[in-house]
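Some notes on the structure that comes next.
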Amino acid sequence: MLTFEGVGYTQDAFSLQADFTVPIGARVAVIGPSGGGKSTLLNLVTGFLTPTQGRVLWAGFDLAGTAPGARPISILFQDNNLFPHLTVAQNVGLGLRADLRLTEAQRQQIETVLARVDLAGLGARKPAALSGGQMSRVALARMLLQAKPLVLLDEPFSALGPALRDEMLDLVADLMTETGATLLMVSHNPEDAKRITQSVVLVGDGVAHAPVETGEIFANPPAALRAYLG
Amino acid sequence: MAERAFKIIPIIGAGAGATLLLLALILGPLGALFWRAEGVAALGAADWAAVRFTVLQATLSAAISVVLAVPVARALARRQFFGRGALITLLGAPFILPVMVAVMGLLAVFGRGGAISAMLGWLGLPPVHIYGLHGVVLAHVFFNLPLATRLILQGWLAIPSERFRLVASLNITGRDVGRILERPMLRDVLPGAFMVVFLICLTSFAVALALGGGPKATTVELAIYQAFRFDFDLGRAALLAMVQFGMGAAAAAVMLWVAVPTMMGAGLGRTVERLDAPNAWWDGLLLCVMSLFLVAPLAMIIVDGLPNLFSLPASVYSAAGRSLSVALLSMTTAVILALTIALMVVRLKRGALLVESIGYLVLAASPLVVGAGLFIVLFPVADPVALALPITALVNAMMSLPFALRTLVPAVRDIEASFGRLADSLQMTGWVRLRLVLWPRLRRPLGFSAGLAAALSMGDLGVIALFSDPDSATLPLQMYRLMATYRMDQAAGAAVLLLGLSLSLFWIFDRGGRADADL
Amino acid sequence: MKYLPLAAGFCAIASSAIAETPVLTVYTYDSFVSDWGPGPAVEAAFEETCGCDLKFVGAGDGAALLARVRLEGEHTKADVVLGLDTNLTETARETGLFAPHGVSVELDLPVAWGDDLFLPYDWGYFAFVYKRDELTEVPRNFKELATSDLKIVIQDPRSSTPGLGLLMWVKAAYGDEAPAIWDSLADNIVTVTKGWSESYGMFLEGEADMVLSYTTSPIYHLIAEEDAGKEAAAFDEGHYLQIEVAGKIATTDQPELADQFMAFMVSDKFQTIIPTTNWMMPAKMPKAGLPRGFEVLVVPQISLTTEPDQVVETRNKALEEWLNALSK
């Protein structure tokens, strides 16, 4: 269970408040206007930003003081999710060991997850030799290996075409179901949210609102969301 | 950049250590001289005249180098031709040449007995008069025009080609392209290039004297020399060294304030996709003239020395071997210092500029004062002669640090901006991050820095002249010894050996960094 | 680990060998110790008889050498300092670092020598050297040089020994008239270099008609290169004499060896090495005389010198005059 306990973050003129809980296994979309604080919310969870007040807790434990990589979290960024100078297998392997000193069993594991995301046999390639969709799959394969209970997506598929994006979202949904992980997904597209999430956190006017059931929020959008959707 | 919620103490620690070492190497010798000085020193009218001449020649040299470099860089930026890569590599040559060798090469072309004077003689005209302020400036332009060209070329290639396409699509042509795209870039790049050249010319001494035509061309470094060996007035030597630092610090402050271009970065191989590039003949002529200006003195040095290259005494070759190991040690030290400082600088929230400027300040350090000061510090505790080679390597490393920093800081910053969070999220810290994230992506700038550091160390006489041991002479010292015992021909041969080794070192490491283009 | 006792034995032998071979440290200028200078031959000859290890340490030129010794002070590692010249001996004496040499020998110098601290090992005259083929009218004094349109290259007195020598030369020959001489020479001076090597190199490359060097320079070309084309111009106001000396450090821990070296320095063996390695005149004429080639040496009619106690004052005044004249 992910808890924002009276969290506040202020920097210069920007501020964001959050005070709500996301249950384990939930799939939550984070929606709102650009510059409203969607990425800030995620960064408070990952640890790239520190709350100026309040606490972020996972399963009752305060995450403060834990380095991003040591938190129970996998993250996919908007871009630069793969190291261009490492092979596909190495990029995936980083999810097991940061120093890449892998055992034979672990190499086998990499092969297995690559097969799971339909990239069997491409382990030796460098990212430059892959298509955009394939690159996303590599990142997802690593996420699978990391096997962290909380998954954060910061619009990693925004550069893909609609069909490819849907395909990736479906894959994410499947993987979430398989692993039982909790998902927090930033999106600016209501269709994405409707496709795979159960609830929506609306971020705007300096507040990240508590999650509302996805169908309900789009059926009866609050004023802020109406303004955003246009 | 995002604020970090976790500690990065070891990197900051290493970087701070490297910075402190650097500071100690700059300020320690100065302090030692003051400590040993008897009585308080004051500067006289002659010293201020030296300060004025130093500022004048450095300003002129830097201004002319930079102004000439603009059209040359533009020509290189927009033309693709056979030998372009070789020409860009050659741009590094004058910069890494030992000064006396370069002066002899220049004289062979521009001197009273040089090629141009000989041609004028056939026409019944008097010989060129190279000696004077204009001679000093000519030599400094020879050394630094290529460097300035490289810095400015970088600025051109950093303009995204989309912008050239955009102005083309808006049907903007000719001068207006310059106004919209090139002039803002030049405004960013020129002050920095100017300041780098200015700093380099600040400590010039042998060149200024040899081509300056007499004591009018007294620089601060020569005044330091006089204070130290003529009057043995350590206090005045240290005071003059401080004045030199002051000039350097002022220049460094301005330089950081106006932002310096990177030394290299993503490939110099591409050309600017400028859709309107008229006057091809003009660019061609310009490049020919500049190549001639750079190549002719180099060619003279080679022609002069080549016949003696293979009949050099064995001791010259063993000195070359020694110089190679000093160069490699110096290179390793420079790269490690620069990398640790760069890693720290990009993580500092405050004071990053200060740390960087310390890196530049070494350019204003007086080699004589550094040598003498280190001697004073070391003498009570160790045998400075036995340490001559390691000290030479360390001081040489320090002198190439500004260039390594200029290259590495932006590169590390780039990598951290693109991949820092990914690495953080995967818990790649410390050595793992260095090995798997930074090292592979830094190979190009590291190769360039390493090559430059090795080549600069190879050609520099450094502090070894002050505490040499007959059995541990470096190649430049051995070359000077040949000259000092009338063996000018063999010295010319040694100069070719030196030139060849310096350029090879640069080429090997620079190439090595580019070998894996799979980035 | 059976080699351990053996290794220990070697170490014992090695360290006792070191303890038994005393080391005599001689500081000198860099070109003396170079492979082409007198250093290697002198070292070999002295070690034949001294039962010691002679260690040369090079430090720039004469002035840098003195600065080095002054930096080290009483704790200097030097036992003997070799390579100071008559322009430096007074300053060196004032440091109080040197002890009397105690050698009594009849020297072959152009002037009488009575210094108890510093002992000469060679000497020479400064002179302007030219190429015989290229100069039809050779100036016979500074005034003729000044009125000619010949181009000369000299060295900066602040960074070079011969450069300072020229300053003292003009001052010794012309006294208060020296500034006028420098005024009139200004348009003949192509440039002033940091050291002798740069000037001489420029002269050989044709940058100047004459170069400030030594009367012995043509002899080098004659003997080593079989080139008789270089010549030193004889000036009728006389030539400035440079005498190179060595001194024993007072605090030396090898006083006997140092004395032995000072005596060796004016012996036949050492003096025979000097002419064709240091290209200077021996302070004590070797029994076999000078090597072939030295017979063409220009011998000045007048030897110019400066009284030792006048050197510093004269030097400072001459430098000021020189700077004034050439900075216009």
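Read-outs throughout are calculated quantities, based only on the coordinates presented, and are distinct from any laboratory measurement. What you see is a predicted model, and the numbers here were worked out from it, not measured in a lab. Neighbour counts run over all protein chains shown; Cβ positions are idealised from the backbone, glycine included.
With both labels modelled 7 Å from their Cα along Cα-to-Cβ, the C:GLU48 to B:SER325 distance reads 3.2 nm. Inter-chain Cβ neighbour count for C:57-69, averaged per residue, equals 5 (cutoff 10 Å, partner chain atoms only). Taking a ≥ b ≥ c as the square roots of the eigenvalues of the Cα gyration tensor, the protein assembly as shown is classed as prolate, since a/c reaches at least 1.5 and a/b is larger than b/c.
Put simply, the amide H of A:THR52, placed in the peptide plane, has neighbours under 5 Å in A:GLY8, A:TYR9, A:THR10, leaving out anything fewer than 5 places away on its chain. Mean partner shielding of peptide B:427-440, defined as the number of other chain Cβ atoms within 10 Å of each residue Cβ, is 4. Assuming R0 = 35 Å, can you tell me the calculated FRET efficiency for the pair B:TRP439 and B:ALA249, based on Cβ-Cβ distance, to the nearest 0.05? It comes out at approximately 0.55. Can you tell me the relative contact order of segment C:242-328? Whole percent, Cα pairs under 8 Å, sequence separation 6 or more. About 15 percent, as a whole number. Restricting the calculation to Cα atoms, every distinct pair contributes to the Kirkwood radius of chain B, found to be 24.1 Å. Just check segment B:48-306 against the gyration tensor rule for me: Cα atoms, a ≥ b ≥ c as the square roots of the eigenvalues, rounded for a/c under 1.5, and otherwise prolate or oblate depending on whether a/b exceeds b/c. Verdict is oblate for segment B:48-306.
Pairs exceeding a 24 Å alpha-carbon distance, out of C:LYS171/C:LYS194; C:LYS194/C:LYS317; C:LYS194/C:LYS269; B:LYS216/C:LYS171; C:LYS151/C:LYS230; C:LYS248/C:LYS269: C:LYS194/C:LYS269.
Ranked by how many other Cβ atoms sit within 10 Å of their own Cβ, fewest first, the residues C:LEU297, B:LEU505 fall in the order C:LEU297, B:LEU505.
If you take the Cα centroid of segment C:180-251 and the Cα centroid of segment B:331-398, the two points sit 39 Å apart. Amide hydrogen proximity for A:VAL200: with H placed 1.01 Å from N in the peptide plane, the residues at 5 or more positions away or on another chain lying under 5 Å are A:ALA29, A:VAL212, A:GLU213, A:THR214.
Screening chain B for whole DSSP H helices of 30 Å or more along their axis (Cα) with average Kyte-Doolittle hydropathy at least 1.0 returns B:9-36, B:45-78, B:133-157, B:234-258, B:280-309, B:314-345.
Judged by the gyration tensor of its Cα atoms, with axes a ≥ b ≥ c, segment A:82-147 is prolate; a/c meets the 1.5 cut and a/b is the larger of a/b and b/c. For segment A:1-17, backbone nitrogen atoms closer than 16 Å to the point 7 Å from A:THR66 Cα along Cα-to-C-beta are found at A:1-5. Between helix A:132-146 and chain A there is an angle of about 90 degrees, using the helix long axis and the longest principal axis of the Cα atoms.
Once both axes come from the Cα atoms, what is the angle between helix A:162-179 and the longest principal axis of chain A, in degrees from 0 to 90, rounded to 10? Tilt of helix A:162-179: around 90 degrees.
Here the protein assembly as shown carries DSSP beta bridges of which approximately 55% are antiparallel, counting only pairs with both residues inside.
Helix-only arithmetic for chain B: the sum of -39500 (n - 2.57) across DSSP H runs with n ≥ 4, divided by the residue total, places the mean residue ellipticity at 222 nm at -24000 deg cm²/dmol.
Each part gets one Cα centre, and for segment A:80-150 versus segment C:108-161 those centres are 80 Å apart. Express as a percent, rounded to the nearest 5, the fraction of DSSP beta bridges in segment A:149-230 (both residues included) that run antiparallel. Beta bridges within segment A:149-230, antiparallel portion: roughly 45 percent.
For the peptide A:48-56, the mean number of other protein chain Cβ atoms found within 10 angstrom of a residue's Cβ is 2.
Scaled to the globular estimate 2.2 N^0.38 Å, the Cα spread of segment C:17-176, given as radius of gyration, is 1.28. Each Cα pair under 8 Å and six or more residues apart adds its sequence gap; the mean of these over the residue count of chain C is a relative contact order of 25 percent. The fewest-to-most ranking of B:TYR225, C:TYR174 by surrounding Cβ atoms within 10 Å reads C:TYR174, B:TYR225. Here the contact order of chain A, divided by its residue count and restricted to Cα pairs under 8 Å and six or more residues apart, works out to 29 percent. Return the FRET efficiency for the residue pair C:VAL299, B:SER318: r is the Cβ-Cβ distance, R0 is 51 Å, and the value is rounded to the nearest 0.05. Here the calculated transfer efficiency is 0.80. Antiparallel beta bridges, as assigned by DSSP with both residues in chain C, represent about 60 percent of the total such bridges. For segment C:88-99, the Karplus equation 6.51 cos²θ - 1.76 cosθ + 1.60, evaluated at θ = phi - 60°, returns couplings of 10, 4, 5, 4, 5, 4, 5, 5, x, 8, 9, 10 Hz by residue, with Gly and Pro reported as x. On the principal axes of its alpha-carbon atoms, chain C has extents of 81, 43, 43 Å, going from largest to smallest. Label separation (C:ASP183 vs C:LEU290): 3.8 nm, computed from points 7 Å beyond Cα along the C-beta direction.
Of all the options A:LEU44, A:LEU184, A:LEU119, the one that moves most in a Gaussian network model of chain A with Cα springs shorter than 10 angstrom is A:LEU119.
In terms of packing, defined here as the mean over residues of other Cβ atoms within 10 angstrom, the peptides A:195-202, B:12-19 line up highest first as A:195-202, B:12-19. Stokes-Einstein diffusion for segment A:72-220 at 20 °C, viscosity 1.002 mPa s, with a Kirkwood radius from C-alpha pairs, works out to 133 µm²/s.
Taking the inverse of the mean 1/r over every pair of distinct Cα atoms in segment B:319-450 gives a Kirkwood hydrodynamic radius of 16.3 Å.
Counting beta carbons within 10 Å around each of C:GLU307, A:GLU167 and listing the fewest first gives the order C:GLU307, A:GLU167.
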